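*Asks:* Dropping a structure here in structure tokens format, bear with me for questions.
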Amino acid sequence: MDEAPEVRVRDRLPRTAGLLLGTLALASAFIAAYVGALHQPTARDVPVGVALGDHRAQLVLTGVRQRTNKIKAIGYDDPGAAHDGLTSREVYAVLSSDPGGGLVLTTASAGAPAAADLVAQVLSAAAQQARLPLRVTDEVPVAATDPRGLVPFYLAVGFVLGGYLASTALGLAAGTAPRTLRRAGLRIGALAVYSVALGIVGAVLVGPVLDVWHHDLPAIAGTGVLTVFAAAMVAAAVQGWLGVLGTGLVILLLVVLGNPGSGGIYAPEFLPTWLRGMHRWNVPGLGTDLLKSAVYFDRRSVGWPLTGLALWAVLGLAALLGATLVRGRRAGSGPEGIDLRRE
């Protein structure tokens, strides 16, 4: 009988070692992703709009491109289309000719203050070299209470964190894969109610409590609800198929890669090549982009972020139901509240 505890300890050693190795791998990936992506941001191909018939502005942008790859000109059919590109977040600035003989640079610093500043610096030097006066105006400025434009990113991170933590908590309490479709429905309903609550709380915090924004609070709350629910469904689906160990994969997708790849700290054009397009499909990036669109930009800019988050939510929900049908019904369980699938 004295050997039984030692046997149990030996039996647990492989699992414990596996968990520690998994944690070590996640921590290493965290360091590599954050330091690798953010230690030396280098701008490449920052998009600047220009009307195709505006020869003076085109000439300046062509000269800049020949000297550096920091800026990339995006041509539009006419000045109105170029302006629409600015307000729908296709470009960070628009360069146009001033009827008085100089140039006008119209920026949208709310998209990414660092990108707008870079464009202004590069084009100011180019205009000075061409001996053309340059007037800079900010069409879509960041709020005075968010001068670095980071509030959308941090708010999105809070929404994503809340979503996957809520899913993890329910998985630990009741089993990672619900045993029946009814229980899956209850879990989805609980996460939906939680998402509504956290979305409203987030909007209230950045509004009247912290005094950051005083407009579009319903849109901020709605964005929060969708972001939280998408993150929760992704986490629930991965954990439903892989068990508690799936939490490591969730952290890798939503935090280790998700945060630096979101374009929230630095604009995507400042990130390494392998991270530059990630904000268009990961949940933190989509949430950040949707918050920026809701608070600062034309509603036309919400199209893909809204669609992307909705797709993640639907795919996660479907995958969770699939895990319920495959793993939940097949796996055995112990007394109520203790799921033997959680080894």
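The values are calculated or read from the model by the stated rules, or taken from the named source; none is laboratory data. In this text, all values refer to a predicted model and were calculated from it rather than measured experimentally. Reconstructed Cβ throughout: ideal geometry from the backbone, glycine too, with neighbour counts over all protein chains shown.
Residue-wise test of (1) at pLDDT below 95; (2) aromatic (Phe, Trp, Tyr).
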site	(1), (2)
Arg280	yes, no
Leu286	no, no
Trp304	yes, yes
Leu311	no, no
Leu315	no, no
Ala318	no, no
Leu325	yes, no
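*Asks:* Additional query: State which residue is surrounded by the most Cβ atoms within 10 Å (Cβ to Cβ) when the search covers only segment 110-151 and only residues that are without any contact (Cβ under 8 Å) to a residue 24 or more places away in the chain and under 21 Å from Gly264 (Cα atoms).
*Replies:* Among them, the one singled out is Asp117.
*Asks:* Ok, one more. Among the residues of segment 66-109 satisfying the criterion of being under 25 Å from the mean Cα position of the chain (by Cα) and acidic (Asp, Glu), which is surrounded by the most Cβ atoms within 10 Å (Cβ to Cβ)?
*Replies:* Restricting to residues being under 25 Å from the mean Cα position of the chain (by Cα) and acidic (Asp, Glu), the top hit is Glu90.
Rundown of residues vs (1) at pLDDT below 95; (2) in the same structural domain as Leu286 (by TED's automatic domain parsing); (3) within 17 Å of the chain's Cα centre (by Cα); (4) of a type outside the set (Lys, Arg), yes/no style:
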| site | (1), (2), (3), (4) |
| --- | --- |
| Thr168 | yes, yes, no, yes |
| Leu191 | no, yes, no, yes |
| His215 | yes, yes, no, yes |
| Ala221 | no, yes, yes, yes |
| Ala231 | no, yes, yes, yes |
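*Asks:* Out of the residues in segment 135-193 meeting the condition of being in a loop (DSSP other than H, G, I, E, B) and acidic (Asp, Glu), tell me which one is farthest from Leu253 (Cα to Cα).
*Replies:* Within segment 135-193, the match that is farthest from Leu253 (Cα to Cα) is Glu139.
*Asks:* Which numbered condition in (1) under 30 Å from Pro272 (Cβ atoms); (2) touching a residue at least 24 places away in the same chain (Cβ under 8 Å); (3) not aliphatic (A, V, I, L, M) is the only one that Thr62 fails?
*Replies:* (2)
*Asks:* Which pairs do you get when a residue that is in contact (Cβ under 8 Å) with a residue 24 or more places away in the chain and part of a strand (DSSP E or B), found in segment 34-58, comes within reach of a residue that is buried (at least 16 other Cβ atoms within 10 Å of the Cβ) and basic (Lys, Arg), reach meaning Cβ atoms under 8 angstrom, with the pair 6+ apart or on two chains?
*Replies:* Val46/Lys70
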